[in-house]
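Just below is one structure, and these are the notes that go with it.
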Amino acid sequence: MNGIEPVAAALRRARGVVVLTGAGVSVESGLRSFRGRDGWWRGHDPARLATPEAFEADPALVSEWYDTRRLAALAAAPNPAHEAIAELERQVVVAGGRFQLVTQNVDGLHQRAGSERLVELHGNLTVWRDHRSGRRVTPGPAAFEAYPVPGPDGGWLRPDVVWFGEFLPPAALAAAAAAAASCDVMLVVGTSAVVFPAASLVVEAAAAGAVTVEVNVEATPAAVGHRLIGAAGEVLPRLVRASWPSARPRG
Ligand code: OAD
């Protein structure tokens with residue numbers, strides 16, 4: 001079903017709201033998605049860049065690729081989609097409701113837009129860790145001088161993100177699953193909804209009776225009740241204004 005009004009009405013009534021985001025939410029900040037048009041995985045093999053085996057085989061290649069993405073994320077600014085999600089959180093919380101943002105993104109833009117109740121299912125690109133000891137460091141704003149990068153405990157530095165074949169942070173996943181199972185509305189924004197377990201959160205929310213809504217430039221395989229087709233930076237500010245006329249999100 002299309003149309004913003006029924007979704008706005010559901011948001012106004014909701015006592016629990018979950019927003020699940022993917023790389024599409026940062027496209028309007030100039031960052032590349034993975035599977036979308038111009039996505040990373042169109043020209044690169046994820047098995048050679050985003051797995052522990054790839055890092056073992058070629059730590060220089062993998063760390064340089066992630067450093068390029070880290071610098072792009074640091075140079076990018078949150079866009080109206082990130083800001084509308086932060087505003088949505090404020091509106092739900094002020095009305096006494098529960099809110100949980102669940103992101104697969106590792107770029108840190110949601111926090112910079114002001115989102116507070118946030119779990120990062122796939123980690124964060126701006127933090128790195130020694131691949132032997134796990135000790136975390138936050139690198140400065142410049143590129144590393146050479147790759148691979150020596151860590152503080154004799155290993156190489158790797159980004160603090162989740163690679164294919166690795167476990168998601170258990171506390172983040174548990175918080176996301178609990179919120180999904182008890183929400184009244186779930187918005188699924190800018191994700192191709194093909195990577196599990198993130199994609200299963202939509203199924204859990206729907207099974208629990210939530211109104212499920214996709215915001216995407218195209219329809220994905222996600223089984224949702226409503227689709228708002230368009231750029232997140234345009235659709236979300238409109239949706240927030242339609243839901244709470246006093247809200248003033250940019251965009
Ligand atoms: P994808 O690249 O798979 O999907 C991005 C989605 O955003 C697509 O469905 C696009 O249609 C949509 N999109 C693009 N621009 C948009 C816009 N302006 N507004 C709204 N939607 C837009 O990215 P994810 O679903 O995030 O994991 O991918 C999930 C995971 O797969 C990532 O976290 C990453 C990746 O491989 C790992 O690296 C482990």
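Each reported figure results from applying straightforward, stated rules to the coordinates on display, with no laboratory input. These numbers come from a predicted model, not from an experiment. In this analysis, Cβ positions are derived from the backbone assuming ideal geometry, glycine residues included, and neighbour counts consider all displayed protein chains.
Remind me, relative contact order of the stretch 1-97 in percent, using alpha carbon pairs under 8 angstrom and six or more residues apart? RCO, the stretch 1-97: 30 percent. Residue exposure proxy: T191, T103, T138, ordered by other Cβ atoms within 10 angstrom of their Cβ from fewest to most, comes out as T138, T191, T103.
Determine how many Å³ per residue the convex hull of the Cα atoms of the stretch 57-170 encloses. Display every interim value, and only then the final one.
Working: hull volume 12.9 nm³, N = 114.
Hull volume over Cα atoms, normalised by residue count, gives 113 Å³.
For the stretch 69-117, the square roots a ≥ b ≥ c of the C-alpha gyration tensor eigenvalues yield an a/c of 1.5 or more together with a/b exceeding b/c, which makes the shape prolate.
Among the DSSP helices (H) of the chain, none spans at least 30 angstrom by Cα along its long axis with an average Kyte-Doolittle hydropathy of 1.6 or more; this is a geometric and hydropathy rule only. When the P(r) is computed for the stretch 1-107, the part past 20 Å accounts for 54% of the Cα-Cα pairs.
Please list the non-local residues whose amide H lies under 5 Å from the amide H of V19, H modeled 1.01 Å from N, same-chain partners needing a gap of 5 or more. The list, which skips near neighbours in sequence, is Q100, L101, V102, L187. Relative intensity of the stretch 172-251 on a log10 scale, I(q)/I(0) at q = 0.26 Å⁻¹, equals -1.20, per a Debye sum over C-alpha point scatterers of equal strength in the absence of solvent. Amide H to amide H, with H built 1.01 Å from N, T212 comes under 5 Å of M186, G225, H226, counting only residues 5 or more places away or on other chains.
Here the Kirkwood formula puts the hydrodynamic radius of the chain at 18.6 Å, using every distinct Cα pair.
Of all DSSP beta bridges located in the chain, what percent are antiparallel, nearest 5? Don't skip to the answer; put the middle values down first.
On the way: 8 of 31 bridges.
So the antiparallel bridges in the chain amount to around 25 percent.
Evaluated with a Cβ-only charge set (Lys, Arg +1; Asp, Glu -1), the chain carries a dipole of roughly 720 debye about its Cα centre, given to the nearest 20. Across all Cα pairs in the stretch 1-54, the calculated P(r) in 5 Å bins from zero up to the longest distance comes to 4, 15, 14, 14, 15, 13, 9, 8, 7, 1 percent per bin. Remark: relative contact order (the chain) = 26 percent; criterion is Cα-Cα distance under 8 angstrom and separation of 6 or more residues. Residues considered: A54, A77, A146. Largest GNM mean-square fluctuation over the chain, using C-alpha springs under 10 Å, is found at A146. Mean residue ellipticity at 222 nm, helices only, the chain: -11000 deg cm²/dmol; runs of at least 4 DSSP H residues each add -39,500 (n - 2.57), and the sum is divided by the number of residues.
Provide the net charge surrounding Q100, with neighbours chosen by a C-beta distance below 13 Å and charges set as Lys +1, Arg +1, Asp -1, Glu -1. Walk me through the numbers before you get to the answer.
Working: positive: R15, R98, R117; negative: E89, E116, E120, D184, E204.
Here the charged neighbours net out to -2.
Counting neighbouring Cβ atoms within 10 Å and putting the fewest first, the residues E116, E234 line up as E116, E234. The stretch 17-55 and the stretch 200-251 have their alpha-carbon centroids 20 Å apart.
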